[in-house]
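**Student:** Handing you a structure now.
Any read-out appearing in this document is the output of simple, stated calculations on the displayed coordinates, not a laboratory observation. Everything numeric here is computed off the predicted structure, so don't read it as measured data. Here the Cβ positions follow ideal geometry from the backbone for every residue, glycine too, while neighbour counts run over all protein chains shown.
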Amino acid sequence: MANNYFVRTVVTTIAAALIAVAAVSAQTPPPAPTPQKSPTPPPSLVGKWAMELVTDAFTATPALEFMQQGDKLTGTYEGRYGKFPFTAVLKDKALSFSFTMSAEGTDVLMDFKGEVAADFKSIKGTAELAGMGSATWTAKRAEK
């Protein structure tokens, strides 16, 4: 009989402990979800850029503007002879774009290649200006 008393006491104690744990668990709110950081958008060329184009014969300061629509990168080059649209290709940090402009009645193919800086705040490269030779160029994001 003493053995029976001991078993009932142990079972009652275990049951009471389980009820207490269940009650505490029910009262403790679950931890708040960790706020999810919104992913940082990848760097882009979108916006206005101040360019310096240097040849043996002249230095020009045209403006560039890049636009992005889905995967398509387009832009405009605006300088002494007007504003010219182009489609650009950016692969890793390598940029290329070209367009044909009319300079004093002559069509000139302007072919640009460059490398975008890691911080996407500057670009430097070379250009082939059909009929006018080659050039070097740099561009920096325009002040807002």
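**Student:** Can you give me the Kirkwood hydrodynamic radius for region 90-144, using every pair of distinct Cα atoms, in Å to one decimal?
**Tutor:** After inverting the mean inverse Cα-Cα distance, the result is 12.2 Å.
**Student:** Kindly provide the chymotrypsin sites (Phe, Trp or Tyr not before Pro) of region 45-144 that DSSP labels as loop, not H, G, I, E or B, and whose Cβ sees at most 13 other Cβ atoms within 10 Å.
**Tutor:** PHE58
**Student:** While we're on this one: Just to check I understand the Karplus step: with θ = phi - 60° and J = 6.51 cos²θ - 1.76 cosθ + 1.60, what whole-Hz values come out for region 61-71, glycine and proline as x?
**Tutor:** Values, residue by residue: 10, x, 10, 10, 9, 10, 10, 10, 10, x, 8 Hz.
**Student:** Please express the Cα-Cα pair-distance distribution P(r) of region 51-117 as a list of whole percents, one per 5 Å bin, running from 0 to the bin with the greatest distance.
**Tutor:** Calculated over all Cα pairs of region 51-117, the distribution is 4, 14, 26, 29, 16, 8, 3, 1 percent.
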